[in-house]
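Below is one structure; the comments refer to it alone.
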Amino acid sequence: MSNYKGADLLMKSLSELDVKHVFGMGGHGCMGLCDGLYKADDAYGIKGYIIHDESVGAAAAGGYFKATGKPGVLLVTNGPGMMQAIPGLVEQAMENSALLVVCGDIPTAQWGYGAEEELDIFADDDQTVLYRGFAKRVFNVVSPEQIPLTIARAYTTAMSGRTGVVLVNVPVDVQSRQISEEILNRDYNLKKHAVIDRPRGSRAAVERAAQLLMGAEHPMIVCGVGAVVSDACDEVKELAELLDMPVGTAYMGQGIIGGNDPYYAGRVGGWGNKYANEASWNSDVIITVGNRFDEDETGAWEIGNTYNVEKTKIIHVHIDPREIGKIYPTEVGIHGDPKEVLRELVEIIKASGKTFSRGTKEAVAAGKAAYFEEMADWRNSDSVPINPFRFVKELEDVFPKDGVQVGAAICARNYYCHDKAKSAYYGYGMGLIGTTLAQALGFAVGDPERKVVSVEGDGGFLIHSSMLATAAEYNLPITWVIVNNSSYGTVWGLQRQYFENRSILTEFKYDDGQIYVPNYAQIAEGFHVKSFRVEKPEDIRPALEAAFAHDGPTLVDIVVDRVFSSTPPTAQSRTGWDKYYPDWND
């Protein structure tokens with residue numbers, strides 16, 4: 001009798017699809033899977049990374065996908081384990097991250113008996129129903145023989161079309177059931193089952209889009225996360241150069257182009273750049289790629305915010321046809337993969353022989369110069385507590401060469417820091433506070449040669465602080481910068497603006513009203529993470545330089561001006577918050 005089990009076949013199947021890293025946490029419902037992972041290290045070179053909160057693990061797996069373009073894999077136990085992962089998984093689903101969640105489950109013979117951690121209030125063994133609101137597909141495996149093709153189908157589903165989250169549910173008895181050596185070593189040709197295609201979109205629609213763009217006076221391209229996921233960086237850059245048009249980005253699209261690129265206008269929307277918003281407002285044709293026109297970007301969707309849709313013709317390229325025309329009238333809708341659609345657009349425009357000179361680089365440079373001039377007093381401020389824009393300036397000056405920034409607290413966003421595409425990633429598809437802190441783990445595992453810098457607020461850190469243990473255990477090259485303003489600053493600022501300066505459940509205070517200011521550097525030191533506490537502006541740069549030079553994970557705790565750092569944007573035009581919080585008495 002062989003000693004091979006269903007879990008061994010599952011790990012071999014993952015290996016055949018080039019999976020090399022798995023994030024996870026052990027539990028009695030996934031012990032067989034964990035044992036298979038243990039053996040897979042030697043057998044297939046698959047390394048497991050322990051996480052200490054399943055939602056953090058989901059974020060880490062999402063970061064891994066962003067860093068590598070390969071699906072992140074999360075291994076969790078049944079019941080509370082797979083449920084605890086849900087916040088992070090919903091966030092990753094909304095960010096279009098491809099994730100394979102491999103979940104343990106109670107033995108099939110015990111369904112309905114009230115087994116340990118069984119969810120049976122509505123139906124026997126009902127845990128997978130919890131994933132139906134956000135997962136692309138749920139697969140239930142009831143025999144080891146199903147495993148190889150199920151893994152291939154799950155891989156294909158996660159990576160095809162609009163990439164997303166897939167659940168593979170494997171009961172304990174299936175994990176541990178013995179299988180023959182012949183079943184384990186059979187050639188299942190999984191790569192020929194896991195076929196990923198890139199649809200190009202209608203040729204007629206692409207040609208119409210090309211004619212619109214070539215006939216425009218003020219064209220612009222605005223990229224969302226779908227463009228980044230598609231790896232359309234080169235195509236976006238080439239199209240911008242061909243048409244001499246500015247590149248704007250939605251919140252999660254910023255990684256599509258370098259922040260210092262002469263065509264990068266900045267982020268559009270309520271928390272974006274004034275020049276980028278003005279460029280989008282004044283454009284007669286906008287091609288938006290992999291973008292869903294969310295509330296942050298559009299200023300609550302109304303005409304009169306980011307996009308002047310009464311005069312602007314929109315070309316919408318998206319891998320998910322449900323997004324095309326959903327929000328704004330669309331002149332040309334193209335259902336296709338952004339990279340392939342843009343590649344074809346570039347070919348058509350090149351073949352036309354037309355050239356364009358609109359002075360875009362000069363206009364972008366002027367817009368950036370105006371931004372820096374407007375922000376100069378804040379960026380050079382010597383005030384204590386620290387002005388967050390002073391921190392941003394110092395970060396830009398010492399940012400590691402070839403480093404990657406993952407996330408940024410709203411009060412400390414830098415738009416023009418990074419020289420290359422794929423150097424700045426901003427999450428928050430669902431708005432899970434601080435999720436990019438945990439995503440940094442996946443970036444570090446997936447691309448260990450780059451220094452990972454994650455900038456977030458203290459509210460997000462409190463939620464995701466278990467990430468420090470994983471980083472310390474594997475000596476991951478991450479620097480976390482915690483913008484410490486003792487609040488859930490974004491909401492506190494909006495409460496002050498729209499609710500007569502009242503605040504509730506947003507400020508960190510003692511019962512007597514005194515501000516509660518935890519020392520996050522000391523917390524990190526307790527995790528064996530090298531840390532720095534910064535309370536004066538002149539100490540920012542030395543702390544950052546020391547953190548970046550350290551071999552291993554580090555944390556920099558920067559205490560900033562509480563009120564300033566939580567004030568909604570005023571310099572940007574057409575923010576749209578008044579639409580989100582209207583005065584119903586008007």
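The values are calculated or read from the model by the stated rules, or taken from the named source; none is laboratory data. What you see is a predicted model, and the numbers here were worked out from it, not measured in a lab. Counting neighbours? That spans all protein chains shown, and the Cβs are built from the backbone with ideal geometry, glycine included.
Things to note:
- Some residue of the range 462-471 being crowded, with 24+ Cβ neighbours inside 10 Å, among the small types (Gly, Ala, Ser), in contact with a Gly (Cβ under 9 Å, 6 or more places away or on another chain) and at pLDDT below 95: no
- Evaluation of Ala276 against (1) crowded, with 24+ Cβ neighbours inside 10 Å; (2) over 23 Å from the mean Cα position of the chain (by Cα) (one fails), failing number: (2)
- The sole residue among Thr163, Thr128, Thr157 that is among the hydroxyl-bearing types (Ser, Thr, Tyr), in a loop (DSSP other than H, G, I, E, B) and not assigned by TED's automatic domain parsing to the domain that holds Val228 is Thr163.
- The set of residues in the range 436-462 being free of Cβ contacts under 8 Å to residues at least 60 places away in the same chain, of a type outside the set (A, V, I, L, M) and in a helix (DSSP H, G or I) consists of Gly459, Gly460, Phe461.
- Which numbered condition Asp197 fails, given (1) in contact with a helix residue (DSSP H, G or I) (Cβ under 8 Å, 6 or more places away or on another chain); (2) modelled with pLDDT under 95: (1)
- Scanning the range 386-423 for residues that are assigned to a helix (DSSP H, G or I), surrounded by 21 or more Cβ atoms within 10 Å (Cβ to Cβ) and at pLDDT below 85 returns Cys411, Ala412.
- Considering the conditions (1) modelled with pLDDT of 95 or more; (2) farther than 30 Å from Arg186 by Cβ, Asp41 is excluded by exactly one of them, (2).
- Answer from Arg162, Arg137 - the residue that is of a type in the set (Lys, Arg), over 13 Å from Val101 (Cα atoms) and surrounded by fewer than 21 Cβ atoms within 10 Å (Cβ to Cβ): Arg162
- Being crowded, with 24+ Cβ neighbours inside 10 Å, under 11 Å from Lys339 (Cβ atoms) and at pLDDT 95 or above holds for only one residue in Val247, Val236, and it is Val236.
- Meets criteria (of a type in the set (Ser, Thr, Tyr), more than 23 Å from the chain's Cα centre (by Cα) and closer than 16 Å to Ala204 by Cα) for Thr330: yes
- Figure legend. Inter-residue proximity from the range 26-42: first residues closer than 15 Å to Asp105 by Cα, second residues surrounded by fewer than 17 Cβ atoms within 10 Å (Cβ to Cβ) and modelled with pLDDT under 95, beta-carbon distance below 7 Å, spacing 6+ or different chains. Indicated pairs: His28/Glu116.
- Residues of the range 131-149 satisfying the condition of being outside any loop (DSSP other than H, G, I, E, B) and without any contact (Cβ under 8 Å) to a residue 60 or more places away in the chain: Tyr131, Arg137, Val138, Phe139, Asn140, Glu145, Gln146, Leu149
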